[in-house]
Amino acid sequence: MTDEPGIGARVNDDEARYRLPRSVLPRRYDLVLEPDLDAVTFTGSEAVTLEVVEPVDEIVLNSADLEVGPGRLEGSGGTLEVSTIRLDPETERVHLLLSGTAEPGEWTLHLGFAGKLSDQLQGFYRSTYSDDEGRTHTIATTQFESTDARRAFPCWDEPDLKAVFGVTLVTADGLLAISNGPEIGREDAGGGRVRVRFADTMPMSTYLVAFVVGSLDATEPVDVDGVPLRIVHRPGKADLTPFAAEVGAFCLRYFADYYGIPYPDKKMDMVGLPDFAQGAMENLGCITYRESLLLVDLDKATQPEVATVADVIAHELAHMWFGDLVTMRWWNGIWLNEAFATLMELLAVDAYRPDWERWSQFLRSRAVAFEVDALESTRSIEYPVRSPDDAAGMFDILTYTKGAAVLRMLEQYLGAERFREGIRRYLDEHRFGNTETHDLWDAIEKATGEPVRRIMDGWIWQGGYPLVSARLRDGMVELGQRRYLISGKQDDTVWDVPLLVRTSAGTEPVLIEPGGVSIPVTDDGPVVVNAGVHAFVRVEYDDELLARLTADLRSL
Ligand SMILES: [Zn+2]
């Protein structure tokens, strides 16, 4: 089943004051934006196709730092004027009072707006750079995640209110203009300006919309199985782009194959920006990067610098499916969005350059997460999020590293292929839709028959991790657990621990349930608990098992 955006969306009481009313739902935006790079301002107009679900005499949407108006609402039965426009800076909303009641059905909202290009690296913002001759150039670009699309155009700025975006940019001739879709039309707009039209996007969330205008160059497109891939860069930096193009092409193919779904849109531009607050942003088809995380001089860069560029490119491209095609319903899902992209980044980069031993490197960063998560002050990976700001604390090591580690734990317990089957099922079932975290567990559970939701709920809703104990008794290895805390305090938190156990009979997946589990051993060979060290646990052996391991190590 495909989720219909918005329809039947569950809004918890907790969230309600942060969520727009569901009486009016956006289906598509035809957006025209005209930035003036010299005046550092922009004007715009939008025609938003709406589904009015119940009779309304007011339309409420998000807008911040914009002048809004005039507006009108057109439907098959006639036109309603927007008689009063009330901006509410506190809630970042605009209330459009209509001259009459809009009955249920399809309507088009026409709205004009204007704003200043921000200098805060968010919303629609201005960035400047100097070229080798010392001349200053200006770029107008966007960064919308989590809730800054509303600073560029009035919109229903919530991730589950997906819509199609048809973008038109009016710019000074001679500047590069790009957006999510490929350019499909260009005409003279008078006064040295051009009107550039871009193809419709797939239905997607507002935070993934992007436009970039400035003195930038694009490389000739590389054809990646029908998807044109370009690297957009400052003039004079073309020689730093081949690595990004190579990794980008590799990853697009890798993910299309892994996910079993072709790249979901029409083109891919990866844009290096001299002024970018985030590392990179997964705007559909128009990924923006801090320049140093995209462009690389292979003659001068160190291997870790080159590997970091590959990591970031892989991470952002992984999001085109996981995040962009299938999107969290609300911001509590941000951890899964990021943790999963981190897992995919590692898988893809490991496939690209096995000799970099990316997983060994991951274990080193995971060691830091082990320390943080052994503190009593740690948090659970997921937690309830009411306002979008509540999710700001999720962009940390517990999300990216522990989050990716528990996904890796599940993947290795199930086996890479069975895990991938679950991911394919999830993406296929929810494409163009929005999900809760448990939708992923349920899809993997259906694909594998394993109790994935029960296992993973314990790992994401409880902070910390267990110390697994292994004891030999009467030909059985008894595996138990207790929470590991640096303070040494006792705590009765327990988990379902999925891990691999290696004996002389082979390596088997074992689920340590809260009450423990026993496995038979038939000889006096070594028993390795958490073989491959994929599970997010520490292991404590009794003397006999430790002696066997030590003897085994000596024999190597
Ligand atoms: Zn990410």
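The values are calculated or read from the model by the stated rules, or taken from the named source; none is laboratory data. A quick note: this is a predicted structure, and the numbers were derived from the prediction, not measured. Note that each Cβ is placed from the backbone with ideal geometry, even for glycine, and that neighbours are counted across all protein chains shown. Keep in mind that these areas ignore ligands, DNA and RNA; they rest on the heavy atoms of the full protein, side chains included. Shrake-Rupley method; radii C 1.70, N 1.55, O 1.52, S 1.80 Å.
Points worth noting:
- Residues whose amide H lies under 5 Å from that of residue 118, counting only those 5 or more places away or on a different chain, are 124, 125, 126; hydrogens are built 1.01 Å from N in the peptide plane.
- With the whole protein complex present, residue 130 retains an accessible surface near 70 Å², based on a 1.4 Å probe.
- Measuring between their Cα centroids, region 189-225 and region 254-270 lie 18 Å from each other.
- A full extension of the chain between residue 74 and residue 365 corresponds to an added length of 99.2 nm, given 0.36 nm per residue minus the alpha carbon distance.
- Helical contribution to [θ] at 222 nm, DSSP H n ≥ 4, -39,500 (n - 2.57), averaged over the chain, rounded to 500: -8000 deg cm²/dmol
- For the cross-link pairs 266/300; 402/489; 402/446; 237/266; 237/402, the ones whose C-alpha atoms lie over 30 Å apart are 266/300; 237/402.
- Placing a pseudo-label 7 Å from each Cα along the Cα-to-Cβ vector at residue 253 and residue 417 gives an inter-label distance of 2.2 nm.
- For residue 191, neighbours were defined as the other residues whose beta-carbon sits under 12 Å from its Cβ, and their charges (Lys and Arg +1, Asp and Glu -1) total -2.
- Among complete DSSP H helices in the chain, those whose alpha-carbon atoms stretch at least 15 Å along the helix's long axis and whose mean Kyte-Doolittle hydropathy reaches -1.0 are 242-259, 303-319, 334-352, 358-372, 403-414, 437-448, 543-555.
- Mean accessible surface per residue for the chain, computed with a 1.4 Å probe while every protein chain stays in place, in Å²: 40
- With Rh defined as the Kirkwood radius, the inverse of the mean 1/r over Cα pairs, the Rg/Rh of region 80-172 is 1.07.
- Using the Cβ of residue 230 as centre and a radius below 13 Å, the other residues enclosed give a net charge of -3, where K and R count +1 and D and E count -1.
- Here residue 121 and residue 95 are evaluated by their C-beta separation; at R0 = 25 Å the FRET efficiency comes out at 0.30.
- Protection-proxy order for peptides 324-333, 150-159, 175-184, 51-60, each taking the mean of Cβ atoms within 10 Å per residue, highest first: 150-159, 324-333, 175-184, 51-60
- By the compact-protein rule of thumb, 2.2 N^0.38 Å, the alpha-carbon radius of gyration of region 466-555 corresponds to a ratio of 1.06.
- Summing Lys and Arg as +1 and Asp and Glu as -1 over all other residues whose Cβ lies under 12 Å from the Cβ of residue 546 gives a net charge of -3.
- Summary of the geometry: region 138-168 and region 367-434, compared by the centres of their Cα atoms, lie 26 Å apart.
- Protection-proxy order for peptides 208-214, 65-71, 451-457, each taking the mean of Cβ atoms within 10 Å per residue, highest first: 208-214, 451-457, 65-71
- All Cα-Cα distances of region 327-461, cut into 10 Å bins from zero to the largest, leave 12, 42, 36, 10, 0 percent in each bin in turn.
- Based on alpha carbons, the Rg and Dmax found for region 504-556 are 11.8, 35 Å.
- Residue (of 245, 207, 412) at the positive-pole extreme of the chain, dipole from beta-carbon charges: 412
- Percent carbon-and-sulfur accessible area, the chain, ignoring ligands, DNA and RNA, probe 1.4 Å: 47
- Taken over the alpha carbons of the chain as equal point scatterers, the Debye sum produces base-10 log I(q)/I(0) values at 0.05, 0.09, 0.11 Å⁻¹ of -0.24, -0.73, -1.02.
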